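The values are calculated or read from the model by the stated rules, or taken from the named source; none is laboratory data. Just so we're clear, the structure is a prediction, and the values are computed from it rather than from any experiment. Cβ: placed from backbone, ideal geometry, glycine included. Neighbour counts: every protein chain shown. Calculation scope for accessible area: heavy atoms of the full protein, side chains included, ligands and nucleic acids excluded. Shrake-Rupley method; radii C 1.70, N 1.55, O 1.52, S 1.80 Å.
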Amino acid sequence: LFPSAYLNRKIGENHSFTLSYSRRITRPGFRQLNPFIYYTSINSIQEGNPNLHPYYGNNLQLEYLLKRMYSVTFGFQNIADGITNKITNSGDLVISRDENIYDDHNFFISLYTPIKITSWWKLDINTTIRNTTINIHTQPEIHRSKLSENFWAALKFDLPKGYYVQISGFYNRNGFYGIYDAKNFRRIDLSFKKSFLNNTLATEIALIDPYHLYRSGYIVSNNNFKRNV
């Protein structure tokens, strides 16, 4: 069974609370189950794993909404026997293989704030702080926990005749990439839009990361070797 449930309570015109719960299943993809070996370089391979099995997750959230604009969300998420990429080595050969190897439990708080600076200038801000604990099923078991932050913001400028410009960006700090430490990363995007038919139709020209700021990656560190990806 994979239920979803929502309870909403309004208090006057300006306050509302929403409590939600959902249970989900994530199944491995065909590429992950494929038992063959894929050579990515002379000393790096990816192995499929036909023994992967689906894993389950739960999501519980409480959201407070003020004046139908500002929101604060408290949440808890967990997965058990999650699928993630495990990287090992055999001498100089680096081996990547997906395995059901970790549990993930995280608590978070997220704040969303729209700010109307002028009639034609608007700022949206979303900040999320998350405490994540992972248990890695190795011998011996590894338990890790860290506090991570995500910041997203968008500036929107309304122009005459249905045109507008948006500048958006995000910054992620101190997160996990599966069972490994993710590098901090950031990005800024630009978009130019034109709306038609009372905002029911729009065209857009987008410049994704024009300043080349986005550099994602992670760091592998175990008893045998270290790798900067």
*List the residues whose amide H sits under 5 Å from the amide H of ASN34, counting only those 5 or more places along or on another chain, with H placed 1.01 Å from N in the peptide plane.*
ASN49
_Of LYS122/LYS146; LYS10/LYS156; LYS10/LYS122; LYS10/LYS116; LYS116/LYS193; LYS122/LYS183, pairs whose Cα-Cα distance is over 23 Å_ = LYS122/LYS146; LYS10/LYS156; LYS10/LYS122; LYS10/LYS116; LYS122/LYS183
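Do any chymotrypsin sites (Phe, Trp or Tyr not before Pro) in the range 197-229 lie in a DSSP loop with no more than 14 other beta carbon atoms within 10 Å, and if so, which? Before the final figure, lay out each step's value.
On the way: sites: TYR211, TYR214, TYR218, PHE225; in loops: TYR211, TYR214, PHE225.
Passing both the DSSP loop test and the Cβ count: TYR211, TYR214, PHE225.
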*Accessible area per residue of the range 5-48 at 1.4 Å probe, in Å²?*
81
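Using +1 on the beta carbon of Lys and Arg, -1 on that of Asp and Glu, and nothing else charged, what's the dipole of the chain about the Cα centre, debye to 20? Please report the intermediate quantities before stating the final value.
On the way: 26 positive and 17 negative charges, 145 e Å.
I would put it at about 700 debye.
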*Of the GluC sites (Glu not before Pro) in the range 1-96, which ones lie in a loop per DSSP and count no more than 10 other C-beta atoms within 10 Å?*
GLU13
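With a cap of 13 neighbouring Cβ atoms within 10 Å, and only residues DSSP puts in a loop, list the trypsin sites (Lys or Arg not before Pro) found in the range 51-93. Spell out each step's value before the answer.
Details: sites: LYS67, ARG68, LYS86; in loops: LYS67, ARG68.
Of the trypsin sites (Lys or Arg not before Pro), the ones in loops of the range 51-93 whose Cβ has at most 13 other Cβ atoms within 10 Å are LYS67, ARG68.
Would you mind calculating the gained length between ILE117 and SER90 on full extension (0.36 nm times residue separation, minus the Cα-Cα distance), in nm to one decimal?
Details: separation 27, 0.36 × 27 = 9.72 nm, distance 5.81 nm.
In short, 3.9 nm is gained.
Hey, any idea what % of the range 51-202's accessible area is carbon plus sulfur with a 1.4 Å probe?
Using a 1.4 Å probe with all protein chains present, the range 51-202 comes out at 57 percent carbon and sulfur.
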*Determine ³J(HN,Hα), in whole Hz, for all residues of the range 46-59 in sequence, where each value follows from phi through the Karplus function 6.51 cos²θ - 1.76 cosθ + 1.60 and θ = phi - 60°; x replaces Gly and Pro.*
10, 10, x, 9, x, 8, 5, 10, x, 10, 10, x, 10, 9
*In deg cm²/dmol and to the nearest 500, what is the mean residue ellipticity at 222 nm of the chain if only DSSP H runs of at least 4 residues count, each as -39500 (n - 2.57), divided by the residue total?*
0 deg cm²/dmol
*asked:* If amide hydrogens are placed 1.01 Å from N in the peptide plane, which non-local residues have theirs closer than 5 Å to the one on ASP209?
replied: ILE188, ASP189, LEU190
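Considering only DSSP beta bridges with both partners in the chain, what is the antiparallel share in %, to the nearest 5?
Values: 119 of 123 bridges.
In the chain, approximately 95 percent of DSSP beta bridges are antiparallel ones.
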_With unit charges on the beta carbons (Lys and Arg positive, Asp and Glu negative) and the dipole taken about the Cα centre of the range 39-154, which residue among ILE125, ILE83, GLN61 sits farthest to the positive side?_
ILE125
*Hey, can you grab everything whose amide H is under 5 Å from the amide H of ASN89? Only 5+ residues off in sequence or another chain; H modelled, so Pro and N-termini drop out.*
ILE95
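Can you tell me the dipole magnitude for the range 132-229 around its Cα centre, using point charges on the Cβ only (Lys, Arg +1; Asp, Glu -1), in Debye to the nearest 20? Don't skip to the answer; put the middle values down first.
On the way: 13 positive and 7 negative charges, 36 e Å.
Here the size comes out at about 180 debye.
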*Could you tell me which label, among (i) 1, 6, 13, 14, 14, 12, 9, 8, 7, 6, 4, 3, 1, 0, 0; (ii) 1, 5, 9, 12, 14, 14, 14, 12, 8, 6, 3, 1, 0, 0; (iii) 1, 5, 8, 9, 9, 8, 8, 9, 8, 7, 6, 6, 6, 5, 3, 1, 0, carries the value of P(r) over Cα pairs in 5 Å bins from 0, in percent calculated for this structure?*
(ii)
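Given the peptides 125-135, 31-41, arrange them by the average over their residues of other C-beta atoms within 10 Å, most packed first.
On the way: 125-135: 16.2, 31-41: 11.0.
Per-residue mean Cβ counts within 10 Å order the peptides as 125-135, 31-41.
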*Please state the relative contact order of the range 43-126 as a whole percent: Cα pairs under 8 Å, 6+ residues apart?*
30
*Keeping every protein chain in place, order SER145, SER119 by accessible area at 1.4 Å, biggest value first, i.e. largest first.*
SER119, SER145
*Quick one: accessible area per residue over the range 101-229, 1.4 Å probe, rounded to a whole number of Å²?*
65
